[in-house]
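Q: Sharing a structure, written as structure tokens. Questions coming.
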Amino acid sequence: MTAPSEIREATSLQFPAGFFWGVSTAAHQVEGGADNQWSAWEARGGIKSGERCGLACDWWNNAERDFDLAREIGINSLRLSVEWSRIEPQESSFDSAALLRYRQMLDALRQRGIEPFISLHHFTHPRWFEQKDAFLNPNAPQLFERFARKVVESLGDLCRYWVTFNEPNVYATNGYVTGEFPPGRKGQVATALRVMSAQARCHLLAYRAIHEVQPQAEVGWAQHYIVFHPVHGGLDRWIAGLQSQIFNEGFLQLIEQGRFNFPLNLVDGKVNGIGGACDFVGVNVYNRFHVAFDLKSAGQLFGRVFVPPGVPQGDPGVDKPYGEAFPGAIRIAVERATRLGKPIYILENGIPDAQDRLRPWLIVNAIKEMHALISEGYDIRGYFHWTLTDNFEWAEGWRLRFGLVALDPNTQERTVRQSGRLYGEIIRQNGLTREMVEEYSAK
Ligand code: BGC
């Protein structure tokens, strides 16, 4: 006779022991009370919904409330970022009280059995750094290295996994091409590429400094990957390839080989000595966009980027769709990232979905996709869902809700969504049961 638990075992998609089942967060989006270039941007009217970040999820006072929820759900790892503007509020002057608060948070995570992953830069930095032109300042690599060294010296005994940068491609594109992020410049593609190569230089110095302070550290970055899907072959395919080359490939190539490939190398982006300076590749993957050649879309390199009707889609932003929710994007992104020959962590994957219409489906299918990849030999070591509790979504304000836990920012009241309970069940099973796969296979 076969015991029921053995049947379940035989028919479920099991993950390797020690797999990181996590959530990702970012300081500005959860801490509240920020004083950085984003709070200045908000004061200048940069939030499209007109909303205020305010207390956010109130982590600076009480992150522990959400850490308790993370433990209740069963999460075993949590990615957070440290806010440079708190740690170095004036240039060269470090705030030990801020570092102490981060120590408390890391202790609190460890007490709950949760492994921390720390991002050093997740879109925000001090106003003094912004006033110096941020990464376009020739001293940016040294300034960033000094900050990184200070953080690892102060927190290294409590954290082993470091993400130097969150999504240099999103930071550069939104800040210098679409103008949706500070500094709000538009159409400056060459400058955006220079920003990315400066961030690669910062990454390299930080990578070396972190290893000097903490030889056993694991250091990587988080690469945002969008699938650009051509509607037909021919010109559509060519344009989609070019968009992917610029958005997805730029920073990957800098880390891989210290320079851009054609046509991006028309901008001198050389970073000497970087070749392969990372211990893992973090992949942030959400969406697929469809691309058609279109003479009227000059601003998007003559490719109309759109979401066709009828595909699974999260809630729309203030003035545009968020993108097609496409679990298959994980495969495409992982196949590309694997070429760097390093372990991979999915450091973000999620959907804006206040009513939890699609999030359970997305989670199950994303995990199914990862399971197939791991079975084929891809070295994926963790999955970090974006995000734990609804938080302040940059220029979209509170409009987009990504949490496993719903938040009312006015009362700070929290309610675990069904997707949060489902994720907890997946973690307890260390994978998917056959019933889960069946229930969410159709869409
Ligand atoms: C960013 C997060 C953001 C998420 C959802 C990612 O690109 O790293 O900060 O909240 O996407 O849009």
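Q: Enumerate the amide H contacts of Phe123 below 5 Å, restricted to partners 5 or more residues apart or on another chain; note that Pro and chain-start residues carry no placed amide H.
A: HN-HN under 5 Å from Phe123: Asn166.
Q: For the chain, set up a GNM with springs between Cα atoms under 10 Å and report which of Trp21, Trp41, Trp386 has the largest fluctuation.
A: Looking only at Trp21, Trp41, Trp386, the biggest GNM fluctuation is shown by Trp41.
Q: Now for a different question. List the residues, sorted by chain then number, that are 5 or more residues from Tyr286 or on another chain and whose placed amide H is less than 5 Å from its amide H.
A: Tyr225
Q: Then there is this: Translational diffusion coefficient, Stokes-Einstein: compute it for the chain using the Kirkwood radius over C-alpha pairs as Rh, at 25 °C and 0.890 mPa s, and state it as an integer in µm² s⁻¹.
A: Numbers: Rh = 22.1 Å.
D, rounded to a whole number, is 111 µm²/s.
Q: Counting just the Cα atoms, what span does the stretch 133-233 cover along each of its three principal axes? Round to the nearest Å and put the largest first.
A: Ordered largest first, the stretch 133-233 gives principal extents of 50, 32, 18 Å.
Q: When the chain is fully extended, how far beyond the present Cα-Cα distance does Ser297 get from Asp268, taking 0.36 nm per residue of separation?
A: Using 0.36 nm per residue and subtracting the Cα-Cα distance, I get 7.8 nm.
Q: I would also like to ask the following. Using +1 at the Cβ of each Lys and Arg and -1 at the Cβ of each Asp and Glu in the chain, identify which of Gln418, Ala406, Asn391 lies farthest towards the dipole's positive end.
A: About the Cα centre, the residue reaching furthest to the positive side is Asn391.
Q: Roughly how big is the stretch 156-290's charge dipole about its Cα centre, with Cβ charges of +1 (Lys, Arg) and -1 (Asp, Glu), in debye to the nearest 20?
A: 360
Q: What does the C-alpha gyration tensor say about the overall shape of the stretch 229-280? Classify as rounded when a/c is under 1.5, otherwise prolate if a/b is larger than b/c, or oblate.
A: Values: a/c = 4.57, a/b = 2.04, b/c = 2.23.
Oblate is the answer for the stretch 229-280, as a/c is 1.5 or above yet b/c matches or exceeds a/b.
Q: Place +1 on the Cβ of every Lys and Arg and -1 on the Cβ of every Asp and Glu in the stretch 81-128, take the dipole about the Cα centre, and give the residue among Ala108, Pro126, Ser96 whose Cα lies farthest towards its positive end.
A: My answer, from the dipole projection, is Ala108.
Q: Taking 0.36 nm per residue of separation and subtracting the Cα-Cα distance, what length does fully extending Arg44 through Gln188 add?
A: Using 0.36 nm per residue and subtracting the Cα-Cα distance, I get 49.7 nm.
Q: For the chain, set up a Gaussian network in which alpha carbons nearer than 10 Å are linked by springs, and say which option among Ser197, Ser77, Ser49 fluctuates the most.
A: Its mean-square fluctuation being the largest, the pick is Ser49.
Q: Show the residues, 5+ positions off or on another chain, whose built amide H is closer than 5 Å to the amide H of Arg381.
A: Ile344, Tyr345, Ile346
Q: Stretched out fully, how many nm does the piece from Val231 to Asn430 gain, at 0.36 nm a residue minus the Cα gap?
A: 67.9 nm
Q: Further question on the same structure: Cut-off 10 angstrom, C-alpha nodes, Gaussian network model of the chain. Which of Gly175, Gly275, Gly382 fluctuates the most?
A: Its mean-square fluctuation being the largest, the pick is Gly275.
Q: Rounded to whole Hz and in sequence order, give me ³J(HN,Hα) for the stretch 195-201 from the Karplus expression 6.51 cos²θ - 1.76 cosθ + 1.60, θ = phi - 60°, writing x for Gly and Pro.
A: 4, 5, 6, 5, 5, 5, 5
Q: Where the centre of each part is set by its Cα atoms, how far does the stretch 395-411 sit from the stretch 65-116, in angstrom?
A: 20
Q: Next question. Do the sum for the chain: with -39,500 (n - 2.57) for every DSSP H run of n ≥ 4, divided by all residues, what is the mean residue ellipticity at 222 nm, to the nearest 500 deg cm²/dmol? Walk me through the numbers on the way to the answer.
A: Numbers: 16 runs with 172 residues, N = 443.
After summing the helix terms and dividing by residue count, I get -11500 deg cm²/dmol.
Q: Something else about it: Once both labels are modelled 7 Å past Cα along the beta-carbon direction, what's the Asp35-Lys132 spacing in nm?
A: Modelled inter-label distance: 1.9 nm.
Q: Sticking with this structure for a sec: Would you mind listing how long the stretch 182-314 runs along its three principal axes, going by Cα atoms, in whole Å with the largest first?
A: That works out to 51, 34, 30 Å along the principal axes.
Q: For the residues Lys342, Lys320, what sequence is obtained by ranking on other C-beta atoms within 10 Å, fewest first?
A: Arranged by neighbour count, lowest to highest, Lys342, Lys320 become Lys320, Lys342.
Q: Could you derive backbone 3J(HN,Hα) for the stretch 20-36 from the dihedral phi with the Karplus parameters 6.51, -1.76 and 1.60 (θ = phi - 60°), listing whole Hz in sequence and x where the residue is Gly or Pro?
A: Using θ = phi - 60°, the values come out as 7, 9, x, 9, 10, 9, 9, 3, 4, 7, 10, 6, x, x, 6, 9, 9 Hz.
Every read-out reported here was derived from the displayed coordinates using simple, explicitly stated rules and does not represent laboratory data. Owing to the predicted nature of the structure, the values given are computational and were not obtained by experimental measurement. Cβ sites come from the backbone with ideal geometry, for glycine too, and all protein chains shown count toward neighbours.
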